[in-house]
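First up is the structure itself, then whatever we jot down about it.
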Amino acid sequence: MSTSEVADAKQLDRTAVVAWRFQVLLRAGYSWDSATRLAVSPEVDLHVAVELRARGCPEATAVRILV
């Protein structure tokens, strides 16, 4: 496997993870914009993001806490 093929595979993996995180965040009740912002930020703990919304935390407050 060439270096570019490895890089392409890693990028594909990252894209798949971001897409999965985005779907989880949408299901948790985040808007499209907030879900996008949170999904692309690897430092955002997905479990905490989902739990905040499940406990009734307003979206804007949850986003401020997470980023």
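The values are calculated or read from the model by the stated rules, or taken from the named source; none is laboratory data. These numbers were taken from a predicted model, which means no experiment stands behind them. Heads up, the Cβs are rebuilt from the backbone with ideal geometry, glycines too, and the neighbour counts pull from every protein chain shown. We work out accessible area using only protein heavy atoms, side chains counted, and drop any ligands, DNA or RNA first. Shrake-Rupley method; radii C 1.70, N 1.55, O 1.52, S 1.80 Å.
Springs join every pair of Cα atoms under 10 Å in this Gaussian network model of the chain, and among 12, 38, 46 the largest mean-square fluctuation is at 12.
For the chain, hydrophobic long helices are taken as DSSP H runs at least 30 Å long by C-alpha position along their axis with mean Kyte-Doolittle hydropathy of -1.0 or more; these are 3-28. Distances between placed amide hydrogens fall under 5 Å for residue 29 paired with no residue 5 or more residues away or on another chain. Placing unit charges on the Cβ atoms only, positive for Lys and Arg and negative for Asp and Glu, gives the chain a dipole magnitude near 240 debye about its Cα centre. Read through the labelled values (i) 20, 14, 11; (ii) 23, 14, 12; (iii) 29, 10, 9 and report the label of the one computed as semi-axes √(5λ) of the Cα gyration tensor in Å from the structure. Answer by label: (iii). Here the chain exposes an accessible surface that is 60 percent carbon and sulfur, computed with a 1.4 Å probe and the other protein chains kept in place.
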